[in-house]
Amino acid sequence: MGIMRPLIAFLLVLATVPPSVTAQSSNSVAAAASQIAKDLEPIYKQLHTQPELSNQEEKTAKFLAEQLQKIGFEVTQKVGGHGVVAMLKNGAGPTLLLRTDMDALPVTEQTGAPYASTVKVTDEKGSSVGVMHACGHDMHMTVFLGTARLLQQSKDKWRGSLVMIAQPAEEKVQGAKAMLADGLFTRFPRPDHCVALHCAPELPAGAVGVTEGYALANVDSVDVTIRGVSGHGAWPHKTKDPIVLAAQTVLALQTIVSRETDPTQPAVVTVGSIHGGTKHNIISDEVKLQLTLRSYSDEVRNHTVEAVKRITRGLAQAAGLPEDRYPIVTIANESSPATYNNPELSQRLLRVFDRTFGSDRTVRTKPIMGAEDFGLFGRTEHKIPICMFWLGTVDGARFKENQGTGKPLPPLHSSQYLPAIRPTLETGITAMTSVALDLLAR
Ligand SMILES: [Zn+2]
Ligand SMILES: [Zn+2]
């Protein structure tokens, strides 16, 4: 998932004051969260040291299931792959779903932290690759466990049902779909609201952010195979050169966003990889392109996909290729629809955060073109209101340095990305618990 927009100067104040001091000391949730954050720091480090890739979260899921059972939840495992569903019933009332994801990424950690991951796996191509929680899902899980514990401790302050889910394969945008297909909303109580958080690599630890409406983008991974008619490099007139055609196609694709989509509607068309040919003097058979397409509305999404098909085909025709050598365009299954934060629920979260943290720690964030599959929970026939909020993770001194000198902050998925543990945990547990107490108020 993606990267935050530049931040507002007032957050600088935050960087100078530890969040534990800015937290309203009268707030009992914050006080309890502070203690729980301290207790859970070793668990965060353990999760950080033992990352597992998408669809391989077996040990992580087992660990979370055991922890939730210990806290007193009724736990079901293997829901949609390695998914975990944990329930806590507390009398009649609304049902709230809280979600964490569990998977890590094929990134070799370079943070230099004493608890850095040294895990290595062999990828599909047979090469050794490091595994790292470079998207902060280890932090999501630890906040999730802290929230479970705190809500269990404060059962007298809420009513209804808590459904806490640990979702696999977020990075491949497959886990939410798999859990829904395995009966998440039929085998378990159907939620009235769904809430999740995600680490923000550009917000200081101690801050939270909410984006109302579209928060994260539609993403489609598209593979294009541009085909030609191969031959000798010295006899180009006897061939149809797919490399020239690919070059024209890459440039023509740039006109989708600049000339075809409504300028007020965001869209991205990026060609992220291009591979073709083997040798100087051979005109090859084909060139392979990999694209990422991003947008918010379904209309723009459909238009960009159709435009890629039309342009690649039209240029192949212009090059004089026979129809059976026209390009092949496939949409990969790593595609995900936009995350739409229900405006009413977003407003409610903002009110809770303003009250809990004060307006200086509550940021109205802008939408980003990153992706998430959390949006799927709000796109079933039941149209459940959902909201994913941002949790600041940047160490105070680092944030201040960034604001002063412009020294870049490592984005999500970077081998350098490392949250400041305690203030992030404390704020995350406080934020999630406060939201749950508000939505399940007695
Ligand atoms: Zn990610
Ligand atoms: Zn993520």
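Please treat every number below as a calculation from the coordinates, not as lab data. Owing to the predicted nature of the structure, the values given are computational and were not obtained by experimental measurement. Cβ coordinates were reconstructed from backbone atoms using ideal geometry, including for glycine residues, and neighbour counts include every protein chain displayed.
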Checklist entry - What is the distance, in nm, between label points placed 7 Å from the Cα along the Cα-to-Cβ direction at Asp39 and at Asp123? => result 4.0
Item to check | Extreme residue, positive dipole direction of the chain, given options Val305, His137, Leu293 (C-beta unit charges) | outcome: His137
Item to check | Two-site label geometry, Tyr115 and Val250: point separation in nm, points 7 Å out along Cα→Cβ | outcome: 4.3
Checklist outcome for this item: Per the 1/(1 + (r/R0)^6) rule, R0 = 35 Å and r from the Cβ atoms of Arg190 and Lys62, FRET efficiency to 0.05 is 0.85
Item to check | For the range 318-442: rounded, prolate or oblate by the Cα gyration tensor [a/c cutoff 1.5] | outcome: oblate
Next on the checklist: For the chain, take the longest principal axis of its alpha carbons; what is the angle in degrees between that and the long axis of helix 242-255, to the nearest 10 within 0 to 90?
Outcome noted: 50
Item to check | Rg over Rh, two decimals, the chain (C-alpha only, Kirkwood Rh) | outcome: 1.02
Checklist entry - Can you pull out the trypsin sites (Lys or Arg not before Pro) in the range 123-203 that DSSP calls coil and that have at most 13 other Cβ atoms within 10 Å? => result Lys125, Arg187
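With n ≥ 4 as the cut-off for DSSP H runs, can you work out [θ] at 222 nm for the chain, using -39500 (n - 2.57) per run divided by the number of residues, rounded to the nearest 500?
Result for the chain: -11000 deg cm²/dmol, rounded to the nearest 500.
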Item to check | Rounded to 10°, Cα long-axis angle of helix 421-439 versus longest principal axis of the chain | outcome: 80
Checklist entry - So which GluC sites (Glu not before Pro) in the range 60-131 end up in coil per DSSP with only 13 or fewer other C-beta atoms within 10 Å? => result Glu124
Item to check | Listed residues Leu321, Gly276, Gln265: farthest to the positive end of the dipole of the range 258-373 (Cβ charges) | outcome: Gln265
Item to check | Degrees, to the nearest 10: 343-357 long Cα axis against longest axis of the chain | outcome: 50
Checklist entry - Taking the Cβ-Cβ separation of Lys238 and Ile328 as r and a Förster radius of 41 Å, what is the calculated FRET efficiency to the nearest 0.05? => result 0.95
Item to check | Contour excess over end-to-end distance, with Cα ends at Asp354 and Glu401 and 0.36 nm allotted per residue | outcome: 14.3 nm
Checklist entry - Which loop GluC sites (Glu not before Pro) in the range 354-442, with loop taken from DSSP, have no more than 11 other Cβ atoms within 10 angstrom of their Cβ? => result Glu381
Checklist outcome for this item: Expressed as a whole-number percentage, the relative contact order of the range 82-226 with C-alpha contacts under 8 angstrom and at least six residues apart is 37
Checklist entry - For the range 336-410, with the dipole built from +1 on Lys and Arg beta-carbon atoms and -1 on Asp and Glu ones, taken about the Cα centre, which of Gly396, Gly370, Pro410 lies farthest toward the positive end? => result Gly396
Next on the checklist: Over the chain, what is the relative contact order in percent, taking alpha-carbon pairs closer than 8 angstrom and at least six residues apart?
Outcome noted: 26
Next on the checklist: With +1 on the Cβ of every Lys and Arg and -1 on the Cβ of every Asp and Glu, and nothing else charged, how large is the dipole of the chain about its Cα centre, in debye rounded to the nearest 20?
Outcome noted: 440
Next on the checklist: Quick check for me: using +1 on Lys/Arg Cβ and -1 on Asp/Glu Cβ, what's the dipole size of the range 297-374 about its Cα centre, in debye to the nearest 20?
Outcome noted: 300
